[in-house]
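Here's the structure, in structure tokens; my notes come after.
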Amino acid sequence: MKTSVVLLFTILLFSGCGDEPKKNPPQKSESDKIKNWARPGVQGQMSGAYFVYKNPLSSADTLISVYSPQAMMTQIHESYTTEDGLAGMREKKEIVVHSDETLVLKQGGLHVMLMNLKKDLSENDSVEVALEFTKAGTVKLKLPVKNNK
Amino acid sequence: MKSQFLSFICILFIFFTSCNTGPKVIDDLSDKSFNVINQNGESVTFPDDYQGKYVVVGFIYTNCPDICPLVTQNLIKVQKEFNSPDDIQFLGITFDPKRDTPEVLKNYKGLFNLDDNFDFLTADSTTISELMDSVRVRSQVSFTQVREDDKEVYFMNHSDKIMVLDKKSRVIFEYGGSMTPVNYIVEDLKTVRK
């Protein structure tokens, strides 16, 4: 009987107790599917925009500025984690894009900061963005406003 | 023989009581009380007014164009997974009360077309500071910029966090707010709601 009790205790201890529930793999979000888009925003407030751009030139090019007629001020920013573990954001003055390289602006990383919006941005609107490269010159994009949830 | 039987019962008791205690309590907020305001300008006491419900909370500021909308989107995805249940309240609490007035929060909520059981909360700076301390959410002004209209705008470094309170206002789960796969939160909630 004593042996049985010890055996039962051991089995119970190592079976089930403390098991972490199995987690399903992360689901692919909408943001992975939609590459060129802008976030809805309220007049006077901020919004963000995202796109991909492949450098078609045979040499490296540099993105030096960005402009949108829908915002009073437009910049490229980067979300990052600070040394003390906080979510932070910093301006990127220049971004070098090598030949055939694809520049990706996406949630949680590089993004266009649309500051002080001139009017509300709602779903089905679009945002015009002009990218200024040192070699390719001005590249214009029209980004649909998506409520990316 | 009798003592062996009692030993067996004791072991079973220890096993079942130690294995079915539910998630570990990270923080107990049941003794805290914060007078805050929702996006409609209505007074709310956090977390008291939500006792009896699970509460999924994200921490945001509305001038944040990238990380905070991701936090809000994650809350919305969780809400959709449960089809806006009555026993789960969703909250976005700002750590930037200076700019995030009820009116600003109402506009922010309007961007996402949210249901009634999703509120955004603000308060005076002192209350927000105390609330954020109690849930270990940090924020600080990182840099300021002067806009073309000569107005200064500031940005903030901040904790990236979503947490879940149980029905007794105890924090039972915490996640990285913008980067945690939504199904992790959903599965945890399903487990405790069983």
Subject >> Solvent exposure, largest accessible area first (probe 1.4 Å, DNA, RNA and ligands not counted), of B:Asp115, B:Asp100 >> reply: B:Asp115, B:Asp100
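Using a 1.4 angstrom probe on the protein heavy atoms only, could you order B:Val104, A:Val127 from most to least accessible area? Don't skip to the end; give the middle numbers.
Details: B:Val104 30, A:Val127 0 Å².
Order by accessible area, largest first: B:Val104, A:Val127.
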Original post:
What residues qualify as long-range amide H neighbours of A:Gly48, i.e. H under 5 Å apart, gap of 5 or more or another chain, H built at 1.01 Å from N?
Top reply: A:Arg39, A:Leu114
Original post:
Nearest 0.05, what FRET efficiency do A:Lys119 and B:Val192 give at R0 = 30 Å with Cβ-Cβ as r?
Top reply: 0.10
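Stretch B:Glu152-B:Lys168 to full length: gain in nm at 0.36 nm per residue minus the Cα-Cα span?
Residue separation times 0.36 nm, minus the Cα-Cα distance, leaves 1.6 nm.
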**OP:** Could you please state how large a percent of the accessible area of chain B is carbon and sulfur, counting protein chains only and using a 1.4 Å probe?
**Re:** 50 percent
Original post:
Ordering A:Ser126, B:Ser159 by how much accessible area each has at a 1.4 Å probe, largest first, what is the list?
Top reply: A:Ser126, B:Ser159
Original post:
Counting pairs of alpha carbon atoms under 8 Å apart in space and at least six apart in sequence, what relative contact order in percent does the stretch B:24-193 give?
Top reply: 31 percent
**OP:** Write down the radius of gyration of the stretch A:34-80 and its Dmax, each obtained from C-alpha positions, in Å.
**Re:** 13.1, 41
Original post:
Do the alpha carbons of any pairs in A:Lys92/B:Lys32; A:Lys35/B:Lys109; A:Lys106/A:Lys135; A:Lys35/B:Lys98; A:Lys54/B:Lys98 sit beyond 31 Å of each other, and which pairs?
Top reply: A:Lys92/B:Lys32; A:Lys35/B:Lys98; A:Lys54/B:Lys98
Original post:
Anyone know which of B:Leu91, B:Leu111, B:Leu75 comes out most mobile in the 10 Å Cα GNM of chain B?
Top reply: B:Leu111
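Stick to Cα atoms and the Kirkwood definition of Rh, then tell me Rg/Rh for the stretch A:30-144. Provide the component values of the computation, followed by the final result.
Details: Rg = 14.1 Å, Rh = 14.6 Å.
Radius of gyration over Kirkwood radius for the stretch A:30-144 works out to 0.97.
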Original post:
Heavy-atom accessible area of B:Phe59 with all protein chains present, probe 1.4 Å, nearest 10 Å²?
Top reply: 0 Å²
**OP:** Using amide H atoms built 1.01 Å from N in the peptide plane, name the residues 5+ places from B:Phe173, or on other chains, whose amide H lies under 5 Å from its own.
**Re:** B:Val164
Original post:
Put a dot 7 Å past each Cα toward the Cβ at A:Glu91 and B:Asn117; how far apart are the dots in nm?
Top reply: 4.4 nm
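Please state the charge dipole magnitude for chain B, taken about the Cα centre, from unit charges on C-beta atoms (+1 on K and R, -1 on D and E), reported in debye and rounded to the nearest 20. Before the final figure, lay out each step's value.
Values: 21 positive and 28 negative charges, 187 e Å.
Value, rounded to 20: 900 debye.
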**OP:** Calculate one ³J(HN,Hα) per residue across the stretch B:127-133 by plugging θ = phi - 60° into the Karplus curve 6.51 cos²θ - 1.76 cosθ + 1.60, and present them in order as whole Hz with x for glycine and proline.
**Re:** 5, 5, 4, 5, 4, 5, 4
Original post:
Among B:Leu165, B:Ala123, B:Thr191, whose Cα sits farthest toward the positive end of the charge dipole of the stretch B:103-194 (+1 at Cβ of Lys/Arg, -1 at Cβ of Asp/Glu, about the Cα centre)?
Top reply: B:Thr191
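The values are calculated or read from the model by the stated rules, or taken from the named source; none is laboratory data. Source: prediction; values computed, not measured. Every residue, glycine among them, receives a Cβ derived from its backbone with ideal geometry; neighbour counts consider all protein chains shown. Protein only, heavy atoms only, side chains kept; ligands, DNA and RNA dropped before computing areas. Shrake-Rupley method; radii C 1.70, N 1.55, O 1.52, S 1.80 Å.
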